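Everything on this sheet refers to the single structure shown next.
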Amino acid sequence: MRRLMIAATAALLTACATTPLAPPTQPEAPSGVRADLASSVATRHMAAAANPLAAEAGRQILAAGGSAVDAAIAMQLVLTLVEPQSSGIGGGAFLLHFDGKAVQSYDGRETAPAAADEQLFMTSQGRAMGFADAVVGGRAVGAPGVLRMLELAHQRHGRLPWARLFDPAIRLAEEGFALSPRLYTLLAGEKHLVGNATARAYFYNADGTPKPVGTRLRNPELAATLRAIAAGGADAFYRGPIAADIVGAVRGHASNPGRLTEKDLADYRARERPPLCTDYKAWRVCGMGPPSSGGLAVAQMLGIFAQRNITVVPPTMVAGRLEPQPDAVHLFSEAGRLAFADRAQYVADPDFVRVDVAALTSPRYLTERAMLIKDRSMGRAPPGAPDGLQLAFADDHSPHRVSTSHVSAVDAFGNAVSMTTSIEDQFGARLMVRGFLLNNQLTDFSFLPRESDGKGGMRADGAVIANRVQPGKRPRSSMAPTLVFERSSGQLFATLGSPGGSLIINYVAKTLVGVLDWQLDIQQAISLPNFGSRNAQTELEDGASSLLVDALKARGHDVRVMPMTSGLQGILRVREGSRTVLRGGADPRREGVALGD
């Protein structure tokens, strides 16, 4: 009886909610696609990152005897400098680690200030703020988590001294690096960053145009910041002058001040959480659990594919490029609709909301969900009602434009890392402090604390939204760092992940299906055109053939062809003849590379 009541409640909430607008395309604009990339090969260790300078820093650390965690730290520090639009020490991250025996999961997600409340993103008229109104300035800045998380992981899994890991980034910050074509493209399309005097002086010419490609950017302020953290540990960031400057920038913003305090920074703690691991055919797939929805949604999609075998519809060559078949896109998109429906309904910070991961990923429940997939698209899927569920929340329709990056590393000692890292929107809150940009991660919360009235406000008697703003809470994420193991031997098979906001879930699931089901090389799987649904339109990457589009429309899909700027990095551990090698792939849609020895 309780199960029927829950199902009825979920259906009612879905019916009452307004149909959302199409989700935003992606948090970062496209900047071109590189052609004819081939996977990289190594025999001892490998590092993959979204920028060649970061990947090289990781490779150097591994070659010096560092661990996978050491390499990830070095890569993150360099990315703070060379890919500032995506991640950095002013943001947060999720990290999965394999020590040769077990998987550890580390949560470095930002937290809401103690002074934050459910009304943080509400106007005086009781309506949700516009996204741009919320994101630019101090209002959406949460306490950054990445450095505390990396320090915790290093204490447990590091091999080289903490300070040694800062050397590549400090050197590049002092000597300078060439402004890349992608960074230039994003700066040219950016409207708000020029409003911050420090960022304007660093990135732009006097006339407001971006500095040209190849300009050597030097960042002595960031070098000084990194030297302080290298010497004093994460405390040098979370306490003292750096913390005071962060708070000053947040609270002192002229038009949109935030509520962050020095105590919020001093009190921040990274958390080790249980990894979310499920079986899929011959593999064990491990992801990040809540407060990220990424691991859960990917696990649900794979569980549905186990019932509705996607293996039998591999991609084919169409007009000279590999393209997914209509049957595969249909099945994949419908599975995505079901997963995103549950994501919007149930997932939030587990310290505030009980998220029943076991119920949401049980084979019985996913078998029931798979039965909802018919020959025609369901358009918009309702959330499910798994066994044991105690409470149904209102559906969360908040936009998710998370600007992220991903690094993967495998060391010579049997350890592996998959880490996805973010400052939220492109260039974050557009606040530059001490040489780095601050996040706007609080806009990953639902702007409305209760069920929508359909007019931008909330119903007074509406059900609460699980992912609403609360003091000290971590906003829901879509980040999906992933590790894959052979079930028979327990050996590592893959480490991968991607940036891309809520599209991350489909990007990672597509690559997993490409490698595990369709037997593609890691580079082929990453380069395969992106596709899927976030429980709205069926989204296809630019260049999709008319045959694919027409076939999907004939099955009731509302098709949207658009840029889909993933940034996947992946490393496979595979047998080739008599030896085991590492094969790395990087996303042709960005500037990344996999390097190893």
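The values are calculated or read from the model by the stated rules, or taken from the named source; none is laboratory data. Here the structure is a predicted model, which means the values were calculated and not measured. For neighbour counting, all protein chains shown are included, and Cβ atoms are generated from backbone atoms with ideal geometry for every residue, glycine included. Please note that ligands, DNA and RNA were not included when accessible areas were found on the heavy atoms of the full protein model with its side chains. Shrake-Rupley method; radii C 1.70, N 1.55, O 1.52, S 1.80 Å.
So the values come out like this:
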| quantity | calculated |
| --- | --- |
| Convex hull volume per residue in cubic angstrom - Cα atoms of the range 72-135 | 132 Å³ |
| Mean ellipticity per residue at 222 nm, deg cm²/dmol - from DSSP H runs of n ≥ 4 across the chain, formula -39500 (n - 2.57) | -9000 deg cm²/dmol |
| If the convex hull is drawn through the Cα atoms of the range 53-109, its volume per residue in Å³ | 69 Å³ |
| Residue-normalised accessible area of the range 479-520, given per residue in Å² at a 1.4 Å probe | 19 Å² |
| For the range 280-351, accessible area per residue (1.4 Å probe, heavy atoms of protein chains only), Å² | 26 Å² |
| Positive-end residue of Pro588, Leu260, Ala319, charge dipole of the chain with Cβ unit charges | Leu260 |
| Rotationally averaged projected area of the range 453-548 (alpha carbon convex hull; nm²) | 10.7 nm² |
| Per residue, in Å², the accessible surface of the range 521-594 once ligands and nucleic acids are set aside, probe 1.4 Å | 32 Å² |
| Identified option (computed semi-axes √(5λ) of the Cα gyration tensor in Å; candidates (1) 55, 26, 22; (2) 33, 30, 23; (3) 54, 36, 22) | (2) |
| Beta bridges per DSSP with both ends in the chain, % antiparallel, nearest 5 | 90 percent |
| Three semi-axes of the equivalent ellipsoid, the range 183-233, Cα gyration tensor, whole Å, largest first | 26, 12, 10 |
| Heavy-atom accessible surface of the chain: percent carbon and sulfur, 1.4 Å | 53 percent |
| Solvent accessible area, Å² - Asp521, 1.4 Å probe, full protein context | 50 Å² |
